[in-house]
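Here's the structure we're looking at; comments come further down.
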Amino acid sequence: MTTTYGSQDTELVGSQLAYLQACLDDNTRHQLDSAGLQPGWRCLEIGAGTGSIADHLHRTVGLSGYVLATDLRPDRIRADCDIICHDVIGDPVPHAGTWNLIHARLVEMQLPPRRKIVAKLADALAPGGTLLLESLDCRTPPALLQVPDGADATVWPRVIAAMLLQQERAGTDLSWAHSCRQAMREAGLFDVVAECFNRTWSGGTPGTLLHTINLHQLQDDLDGVPEHDRNRFRVIATHPDTVAWFYPVISTRGNRAWTNP
């Protein structure tokens, strides 16, 4: 769950990761179940964030399995498993060829050599292993369904669009969620499937508060968004009468073929 937002403020990043976990973890656990996660598996978690999914993997695979969690900031990971600092672009995949499962969430969509990353991770699977990659569908910005009385609803899509534009300038592929399936097929994986998940969030809950964290982190880089629009956006995001969709989450998984004995 690494991010490319500019601020490195520890408290802000901590809040951002906590909100992402609240928005995404339930679906990720469901996707892991669908992938067949079971005791004894060897699992690699790329970009582990604070380690909530790595910890879930560890509890599921048990003592007969193994989990390695990686991140550029491994000091943030709180999981009862092995932890290392790892750059998925430049570093070789540790213990390549041994993994029953490799999982990454909101990682390769932010990194320009994303197709090479997919191929690299696919090659690191054990025969029959599963690669599960999850990305936000940023082509479908989170729409408002309900706003507080008197609020200017037009400010919401303007600010969201400005933040997405800055992310795109920083190298994020806003449509990657729809390209990942083909990238897995090109990497030689089979039985490749993609599933979409979304839900609504009220103002003042993780799915809306996350936008306020993103806005704070990006505010120095946003063009054409005056302070009064930012303040109006924050009011909508924190007001309990607000109801908004989150970004759709697309989870794509594929399997490496079994080798001949």
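Details
- Some residue of the stretch 150-165 being closer than 26 Å to R234 by Cα, among the acidic types (D, E), free of Cβ contacts under 8 Å to residues at least 24 places away in the same chain and surrounded by fewer than 16 Cβ atoms within 10 Å (Cβ to Cβ): no
- Residue, farthest from V243 (Cα to Cα), within the stretch 161-203, restricted to residues that are within 18 Å of the chain's Cα centre (by Cα) and of a type in the set (S, T, N, Q): S179
- Residue within the stretch 178-201 that is in contact with a Pro (Cβ under 9 Å, 6 or more places away or on another chain) and small (G, A, S) present: no
- Just one of (1) farther than 22 Å from T259 by Cβ; (2) touching a residue at least 12 places away in the same chain (Cβ under 8 Å) fails for D91. It is (2).
- Qualifying residue in the stretch 8-20 (condition: small (G, A, S) and buried (at least 20 other Cβ atoms within 10 Å of the Cβ)): no
- Some residue of the stretch 104-118 being within 14 Å of L68 (Cβ to Cβ), of a type in the set (A, V, I, L, M) and touching a residue at least 12 places away in the same chain (Cβ under 8 Å): yes
- When T208, T172, T259 are checked against the criterion of being over 30 Å from N100 (Cα atoms), of a type in the set (S, T, Y) and not in a strand (DSSP E or B), a single residue qualifies: T208.
- The residue list D220, D241 contains one member that is out of contact with any Leu (no Cβ under 8 Å at 6 or more places or on another chain), assigned to a helix (DSSP H, G or I) and charged (D, E, K, R), which is D220.
- Criterion violated by S7 - all others in (1) in contact with a helix residue (DSSP H, G or I) (Cβ under 6 Å, 6 or more places away or on another chain); (2) at pLDDT 95 or above satisfied: (2)
- You will find that of R181, R232, the residue that is more than 20 Å from A161 (Cα to Cα) and modelled with pLDDT of 95 or more is R181 and no other.
- Considering residues of the stretch 212-261 that are among the polar types (S, T, N, Q), touching a residue at least 24 places away in the same chain (Cβ under 8 Å) and out of contact with any Asp or Glu (no Cβ under 9 Å at 6 or more places or on another chain) only, the residue farthest from D149 (Cα to Cα): T259
- Residue match in the stretch 33-41 (condition: at pLDDT 95 or above, surrounded by 17 or more Cβ atoms within 10 Å (Cβ to Cβ) and out of contact with any strand residue (DSSP E or B) (no Cβ under 6 Å at 6 or more places or on another chain)): yes
- Cross-chain or 6+ apart pairs with Cβ under 7 Å, the stretch 125-137 first and more than 30 Å from W245 (Cα to Cα), then crowded, with 24+ Cβ neighbours inside 10 Å and among the aromatic types (F, W, Y): L125/W99; A126/W99; G129/W99
The values are calculated or read from the model by the stated rules, or taken from the named source; none is laboratory data. From a predicted model like this one, the values you see are computed outputs, not experimental measurements. Cβ coordinates were reconstructed from backbone atoms using ideal geometry, including for glycine residues, and neighbour counts include every protein chain displayed.
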